[in-house]
Amino acid sequence: MHDYAEPVTKLIDEFKRLPGIGHKSAQRLAFHILRTTKEEAERLVSAILEVKDKIIFCSVCNNLTDADPCRYCASLTRDQTIICVVEEPYNLVAIEKTREYHGLYHVLHGALSPIRGIGPEELHIKNLLNRLRPDESGECSVREIILATNPNTEGEATANYLGRLLKPLGLKVTRIAMGLPVGGDLEYADEVTMHKALTNRHEI
């Protein structure tokens, strides 16, 4: 026998599927929805459906976008000679907040984690290599790759793997400096810390 009516139990169960949401948080969210007006609930449903209908991966950098290529890849004012590699789209947002980086991006959508079964094939590495191929003149416009993966075990493993993969191509490969706490996520970094991490990056 359920503690709540079946529709409420179903809503709680769906919220529990979200990352970082336990049973108590799911209950709070469900009861918040119950207290809102029907119009507010419909706006939430509409926003979710709109994201699912309109948001795609950029075919160049894998960022989330509603236009392909995304606004960063399509920009004529950004520095085309440098690519910053991040794990997730929200890491890109953290770097943009500094207003100090004006190059391009590449989003991996994850990090190497043998325990969770995530290997190089599960990451968006192939189209990064495609971006580094020489053009018609035999030149590659990219001169530097910044590895801005998270400063934790998976992020370090990913940076080391990419470093070994990219170095033979003759590119300058740098790693963001440890202005960020080990074990932390870029998502929670403040602008000053993120700026220091970018400024103090080092070649690997």
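Readers should treat all values here as calculations from the given coordinates under stated rules, not as data from a laboratory. Keep in mind the model is a prediction, meaning the values are calculated, not measured. A quick note on method: Cβ atoms are made from the backbone with ideal geometry, for glycine too, and the neighbour counts reach across all protein chains shown.
Listed values, structure above:
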| item | result |
| --- | --- |
| Selected from GLU14, GLU139, GLU40 as most flexible by GNM, with the chain as the system and alpha-carbon contacts under 10 Å | GLU14 |
| Helix-derived mean residue ellipticity, 222 nm - over the chain, DSSP H n ≥ 4, -39500 (n - 2.57), to 500 | -12000 deg cm²/dmol |
| TYR105 long-range amide H proximity, modeled H, under 5 Å | CYS84 |
| Least to most buried among LYS167, LYS126 (fewest other Cβ within 10 Å first) | LYS126, LYS167 |
| Proxy reagent accessibility, fewest Cβ within 10 Å first, across MET194, MET178 | MET178, MET194 |
| Label-to-label distance, nm, for residues given as ILE115 and SER75 (7 Å Cα→Cβ offset) | 3.6 |
| Pairwise FRET efficiency - ASN160 versus LEU132, Cβ, R0 = 22 Å, nearest 0.05 | 0.75 |
| Net charge over other residues, Cβ less than 14 angstrom from the Cβ of THR153 (K, R count +1; D, E count -1) | -3 |
| Within straight-line cross-link reach of LYS54, aspartates and glutamates at Cα separation under 13 Å, skipping those fewer than 8 residues along the same chain | ASP66, ASP68 |
| Gaussian network model of the chain, Cα within-10 Å springs - most flexible of GLY184, GLY163, GLY22 | GLY22 |
| Full-extension gain in nm, SER46 to SER25, via 0.36 nm per residue minus C-alpha separation | 5.3 nm |
| Inter-probe distance in nm under a simple model that places probes 7 Å from Cα toward Cβ, at GLU96 and ASP13 | 3.7 |
| Sequence-distant aspartates and glutamates (8 or more away, or on other chains) whose Cα lies within less than 14 Å of LYS97 | GLU187, ASP190, GLU191 |
| Test item: Cα-centred dipole of the chain, Lys/Arg +1 and Asp/Glu -1 on Cβ, debye | 280 |
| Other-chain or far-sequence residues with amide H under 5 Å of SER141's (modelled H) | ASP135 |
| Integer Hz, Karplus 6.51/-1.76/1.60 couplings in order for the stretch 78-91, x for Gly and Pro | 7, 5, 7, 8, 9, 10, 9, 9, 10, 7, 10, x, 6, 5 |
| Hits among aspartates and glutamates - C-alpha to C-alpha of LYS24 under 12 Å, sequence gap 8 or more where chains match | ASP13 |
| Dimensions in Å of the chain - Rg and Dmax from alpha carbons | 20.3, 71 |
| Linear extension gain, ALA177 paired with THR153, 0.36 nm per residue minus alpha-carbon span | 7.1 nm |
| Percent antiparallel among DSSP beta bridges (both partners in the chain, rounded to 5) | 30 |
| Relative contact order [Cα under 8 Å, 6+ residues apart], the stretch 64-203, whole percent | 25 |
| Listed residues THR36, THR193, THR153, most fluctuating in the chain (Gaussian network, C-alpha, under 10 Å) | THR36 |
| Whether the stretch 91-194 is rounded, prolate or oblate, judged on the alpha carbon gyration tensor where a/c under 1.5 counts as rounded | oblate |
